[in-house]
Amino acid sequence: MAARRFIRFLFSLFFVACTTLSGQVLQPVKWTQNVKKNSDGTHNLIFKAEIEKDWHLYSTRHKRGGIGIPTAFDFQKSTDYQLVGTIKEEGNLHDEFSAAFQEQQVYFSDKAIFTQNIKVNQPTKLEVEVMFQVCDDQRCLPPDYKTFQFDLKPAESSAKNAAELKSNEIKENSSLKNEIESDNQEITDAEEDSAENENGLTQNFNEISSEKIVTDKEVKEVEITNSNANRSIWEIFVFGFLGGFAALLMPCIFPMIPLTVSMFTKQSKSRSSGISKALIYGISIIVIYVLLGMLITMAFGPSALNALATNPWVNIAFFILFIVFAVSFFGAFEITLPSKWINKSDKAADQGGLIGIFFMALTLALVSFSCTGPIIGTLLVDSVSSGEKLGPAVGMFGFSLALALPFTLFALFPSWLNSLPKSGGWLNTVKVSLGFIELAFALKFLSNADLVLQMHWLEREVFLAAWIGIFLIMGLYILNIFQMKNDGNSNGIGWGRMLFGIFTFIFVAYMIPGLFGAPLKKLSGLIPPKHYSESPLGLGGGGTSAVVDLPEHAEFGPHQIPTFHDVEDAFAYAEKVNKPVMLDFTGDACANCRLVEDNVWSDPRVKEKLTKDVVLASLYVDRFIELPEEDKVYSEEKGRKLRTIGDKWSAYQIKYFKSNSQPLYILIDKEMNRYTEPMGAELNVEDYLEWIENGVENYKKQNP
C-alpha cells in the first residue's frame, strides 16, 4: 500500500510539473444539450453546465455592472418557432452578499441546468448561443460563448403519439434515475480514491455524453439549495415599504387619511363594523398594488428582467422617465390617469358592500396617481433591476402595506388622529424633496448606459459634480432658503426639517473630496468607478501627471499610471524609449485585478516602477466594444470569429501565453522575448516589486 501511494505521489508531481511548464488554458465548464418532447406538443431545450470544483458560473439573474457577467442565451430569430416563457434555471444556486466586493453575487457551483420551453411551428434547425463567465476565489476567466444546434420538428397531435410520448418520458425518467445512481457511485469511488492520494489531487470524472430530463427528485433538491434568495427579496420589500411611507406624505394621500377613517367610523352602526370596513379597505389597497406587480412579473421572467435592467437603451429610457417624474414633483405638471377610469371606479364605489369598499380603494389609487405614480415607477424599475422573478410583486406588497396600515390603525385607535400634523405646505416640501432624489437617480441610470457603451460622457467627476449640485440645492430648499411656487408661506422651519437639511449638507460634504480622488466607498455601486474618470486622482489631482507626459495613444490608468490599451501602440512606444512592455491581461469585472491595483500598484515604489521603468499595456478581455469588420476574423484559439475588443485580447493571451485567466502579468518586448515568468494575482508588495525589478534588470542586460 505504501509503495502504491508513493508511485501515485511521484506521478502527481510529474503531472503538475508538466501542466505548469506547458501552460494551461482553463476550461472549468463543460456544456451538454438535450431536447425533451412534452405531451402538450412543445419541446424543452435543456442546457446543462458541469462546473469544476472551486469554480462558479454566474446566474442569468446576476446583475451586470459589478463583478461577474450573467449568463445570457441568444436564440436565432425565426418564425419557425415560438419561445414559451423565459429561461428557467436550476442547480446549486448561491445568492450571497460579498463583503469583499460590497455587492450581491448570484452564481452556480457544481452544476447548472437551464431550460427553455419552445413551440415548433415547422421543421427547423435552431441555433442558440450562450454567453457566460466563470470565476473562482482567485481569478475570473474572460466571457466566453458556446453555440448549440437543435434539429426540431413539430409534434404530431394524434392521441397515439401523445400516449407514446408520455410512455417515453416515463422510461426516460427511469433511465435517468439509474444513471444518477451510477454517477453517485462513481463520485463516491473517486472520493475514496482521492483520499488515498497524498497530494490531494482531484480525480477527473467521465462526462455523461448525452443529457437527460430532470427528475422531480432533483428539482426538489435544487429548491432546497436556493435558501439564500430571500435576502434580495427582503431588500426589495423594505425598499417598497419605505416608498409606501414616502407616498403617505404626499399631498394627494395624507389629507385622505382622517377623511376616510372618519367616514368608516361615523357611517358604521358599530365600532367593530367601522374597523371591519377599514380592514377590508386596507386589504383592497394591498390587492390592487400587488396585482400591478404580478402583471409585471407575468409579463417578464427573471432573464428578461435582467436583460432589460442591463440594456443601455433601456437605462436611457429609465433616465428620461425619472426626469419626467422629477419635473412632475417640482410642480411643472401632474401625471394623471384618464378621467373616465376614475369616474367608473367612483361610480362602482357607490354600490356599497365589499365591492363598494374595494372600488373606494381603487379610486384612491387612481386619484392619487399624480403623487404616487413617480414613486411606483421608481419601485418597479428597482425591482426589475433586481432580476428577481417576484421582485415587482414583492415591491408592490411592501409599498401597499405601508400605504394601507394607517387607514387600519387609525380605525382601530381613532384618538391617534388628533396627533397627526395638519396638512399644509410641508407636504409639498416632501414632494419637491423627492423630486430632487428622482433627479439624482435619473443620472444613475444614464451613468449605467454610459459605462456599458464606454462613451465617457458622464465620468466620475461630472457625475459627482451633478450630484453635489442637486443635493446642495435640495439642502437649501429644505432649510427654506428659497421656495417653490406651490409652497405655503412659512417664516420658519421645524426641528425635523432642520435635521433633514443638516443631513443633506453632510452628504454633500462627504461627496466633495471624491472630486479630488477620495474613494467614497459608501457610495460604491451608485457612482462611476474611480478609473472611469478624467483623472483617477480627481480634479486638480496633479501627482504623476505633473511630472509625466502622457504618450500618444496612452491613457492614465489606475493611480494615474500611463497605460496603453493596444499592444502595437505599446510596442512602438517601448521601442522608442527602450523599455520592456508589461502586459496586463485584465477585465472590468475582474475582482482580483482590482485587488492588485488597489493594494499593490498604489504602493509608491511599485507605482514609480510602472510609471518610469516599463511601458504598461492593459488589455481588457471582457470589453464588449465591437471590432471593425476587417478585424472580425476566425480565431483558432476561440474556435469562432472574433467579435469584440475583449475577444481579441482573450485570443491573444491564449495564443501566446496558453492561459485565459486574469490577472496575468508578464514583461516582454516586440519580438515576444520574455524577461519574467508570467505572474497572477500577487498581493505581496515586496514580491511584486522584486518581480518587476528582475524583469527590468534582465531587459537591460540584453538591451543595453
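The figures follow:
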| read-out | value |
| --- | --- |
| Complete set of residues in region 68-85 that are of a type outside the set (Val, Ile, Thr) and assigned to a loop (DSSP other than H, G, I, E, B) | 68, 70, 76, 77, 78, 80 |
| Residue 477 being open to solvent by less than 40 Å² (accessible area, probe 1.4 Å) and either over 23 Å from the mean Cα position of the chain (by Cα) or farther than 30 Å from residue 624 by Cβ (or both) | yes |
| Residue match in region 506-517 (condition: surrounded by 13 or more Cβ atoms within 10 Å (Cβ to Cβ) and modelled with pLDDT under 80) | yes |
| Identity of the residue in region 637-655, open to solvent by 50 Å² or more (accessible area, probe 1.4 Å) and in contact with a helix residue (DSSP H, G or I) (Cβ under 8 Å, 6 or more places away or on another chain), that ends up farthest from residue 576 (Cα to Cα) | 637 |
| Residues of region 557-604 satisfying the condition of being acidic (Asp, Glu), under 27 Å from the mean Cα position of the chain (by Cα) and either open to solvent by less than 20 Å² (accessible area, probe 1.4 Å) or closer than 21 Å to residue 688 by Cα (or both) | 584, 597, 598 |
| Subset tally (residues that are out of contact with any Ser or Thr (no Cβ under 8 Å at 6 or more places or on another chain), among the β-branched types (Val, Ile, Thr) and either under 20 Å from residue 566 (Cβ atoms) or not assigned by the TED database to the domain that holds residue 621 (or both)) for region 648-704 | 2 |
| Conditions (1) surrounded by 16 or more Cβ atoms within 10 Å (Cβ to Cβ); (2) out of contact with any strand residue (DSSP E or B) (no Cβ under 9 Å at 6 or more places or on another chain); (3) within 22 Å of residue 141 (Cβ to Cβ): number failed by residue 607 | (3) |
| Subset of region 36-67 (residues that are open to solvent by 50 Å² or more (accessible area, probe 1.4 Å) and either on the phi > 0 side of the Ramachandran plot or part of a strand (DSSP E or B) (or both)) | 37, 50, 54, 65 |
| Complete set of residues in region 113-146 that are under 23 Å from residue 650 (Cβ atoms), of a type in the set (Lys, Arg) and surrounded by fewer than 19 Cβ atoms within 10 Å (Cβ to Cβ) | 146 |
| Qualifying positions in region 557-610 - in a helix (DSSP H, G or I) and within 14 Å of residue 667 (Cα to Cα) | 567, 570, 571, 574, 575, 609, 610 |
| Cβ pairs under 9 Å, 6+ apart, first in region 441-458 and modelled with pLDDT of 80 or more, second open to solvent by less than 20 Å² (accessible area, probe 1.4 Å) and acidic (Asp, Glu) | 456/450; 457/450; 458/450 |
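The values are calculated or read from the model by the stated rules, or taken from the named source; none is laboratory data. Here the structure is a predicted model, which is why all the values come from computation and not from measurement. Positions of Cβ are generated from backbone atoms using ideal geometry, with glycine treated the same way; all protein chains shown enter the neighbour counts. When the accessible area is computed, the model is the full protein with side chains, heavy atoms only, and any ligands, DNA or RNA have been set aside. Shrake-Rupley method; radii C 1.70, N 1.55, O 1.52, S 1.80 Å.
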